[in-house]
Amino acid sequence: VEDISSLGIVVFPNPTKNLITIETRLEIEVEIYDLMGRLLIEEKNTKRLDLSNLSNGLYNLSIIYNDKRYSKQIVKQ
């Protein structure tokens, strides 16, 4: 798993209350997992994720581009 900064993708704000913005020009798939590995959100070509349905805590954000998976931890407050 590689770090998303190598793709020039910026994810903010982190920590967040509800919305995550993904700044990229690439066509990406985005997945949010809880710490137990359960898939909670799956989106294609999105620039904004709404986390308001999730409880506060740590989540794993996976960005898939060119069949490679890049990972980042997100904190929901």
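Overview of results
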quantity: Selection count, region 42-63, where residues are within 20 Å of Leu26 (Cβ to Cβ) and open to solvent by 30 Å² or more (accessible area, probe 1.4 Å); calculated: 7
quantity: Region 21-32, residues that are of a type outside the set (Val, Ile, Thr) and crowded, with 16+ Cβ neighbours inside 10 Å; calculated: Glu31
quantity: Listing of strands (runs of 3 or more DSSP E) fully contained in the chain that carry 1 or more residues being aromatic (Phe, Trp, Tyr) and in contact with a Cys (Cβ under 6 Å, 6 or more places away or on another chain); calculated: none
quantity: Residues (farther than 20 Å from Asn66 by Cα and either touching a Lys or Arg at 6+ places or on another chain (Cβ under 6 Å) or in contact (Cβ under 8 Å) with a residue 12 or more places away in the chain (or both)) located in region 7-32; calculated: Asn14, Pro15, Thr16, Lys17, Asn18, Leu19, Ile20, Thr21
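The values are calculated or read from the model by the stated rules, or taken from the named source; none is laboratory data. As the structure is a computational prediction, the values presented were derived from the model and not from experiment. Please note: Cβ atoms are built from the backbone with ideal geometry, for glycine as well, and neighbour counts cover all protein chains shown. Calculation scope for accessible area: heavy atoms of the full protein, side chains included, ligands and nucleic acids excluded. Shrake-Rupley method; radii C 1.70, N 1.55, O 1.52, S 1.80 Å.
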